[in-house]
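A short reminder: the numbers here are calculations on the coordinates, not readings from a lab. Just so you know, these numbers come straight off a predicted model, no measurement behind them. Note that we place each Cβ from the backbone using ideal geometry, even for glycine, and neighbour counts take in every protein chain shown.
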Amino acid sequence: MERTGIVFSGSGGQGVITAAIILAEAAVVHEGLYAIQAQSYGPEARGGATRSDVIISDSVIHFPKVVFPNYLVTLTQEAYNKYNSMIVPGGTIITDKRYVTPRRNSDAIQKEYNIYDSVVEHIGNPVVVNVCMLGIVIQLTKIVKPESVIKTLKNRMNSKFLEINEKALMLGIKMAE
């Protein structure tokens, strides 16, 4: 596999850092890959700009930041405006139609999904938007198996929240098929 860089971005409280951690852990623990996850966010606990980088590779990773991501996920307009220019030529930008109006970047593939609205419609609770978005990412990248993410969810969360998160993950996968 090639080294793959993914930047998850949005606003504090949307769970983009949690989604990145889950992806990196699934890659390392359940897929036997190398992964690095790093994050940055504004001074606000919620509402400030948030970014989380994940690098996944089958060989050792020496630098923990994604400079030019293969995939960029943006859940807010602010995040899109700040990070869309960093995508590698031919990379993929994933956005939530409800919150992001993308400019056309001829060097990138634009994938727009109704993430928030679909989660509210099919699951009823927007708290799992980040896991739905993660489902979209793993379906598009094929970087880890859904089973690996589910195992990671089982290890990381209270069992009473597992069912809603699994539903969100599978919804995201279905949306990206």
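Structure note, pairs Lys82/Lys111; Lys65/Lys167; Lys142/Lys174; Lys111/Lys174; Lys111/Lys142: Cα-Cα distances above 22 angstrom occur for Lys65/Lys167. The computed Rg and Dmax of the Cα atoms in Å for the structure shown corresponds, within (i) 14.8, 44; (ii) 17.4, 64; (iii) 17.2, 57, to (i).
Counting DSSP beta bridges in the chain, what percent are antiparallel, to the nearest 5?
Numbers: 16 of 29 bridges.
Looking only at bridges with both residues in the chain, the antiparallel portion is about 55 percent.
Would you mind working out the magnitude of the charge dipole of the chain relative to its Cα centre, with +1 at each Lys and Arg C-beta and -1 at each Asp and Glu C-beta, to the nearest 20 Debye?
Numbers: 18 positive and 16 negative charges, 27 e Å.
With Lys and Arg at +1 and Asp and Glu at -1, about 120 debye.
Note on His122, His62, His30: ascending count of other Cβ atoms within 10 Å places them as His62, His122, His30, the fewest first. Region 65-118 and region 1-38 have Cα centres lying 16 Å from one another.
Neighbour counting of Cβ atoms within 10 Å sorts the residues Phe8, Phe63, Phe68, Phe161, fewest neighbours leading, into Phe63, Phe68, Phe161, Phe8. For Leu75, nonlocal amide neighbours, meaning residues 5 or more places apart or on other chains whose placed amide H falls under 5 Å from its own, are Ser9, Gly10.
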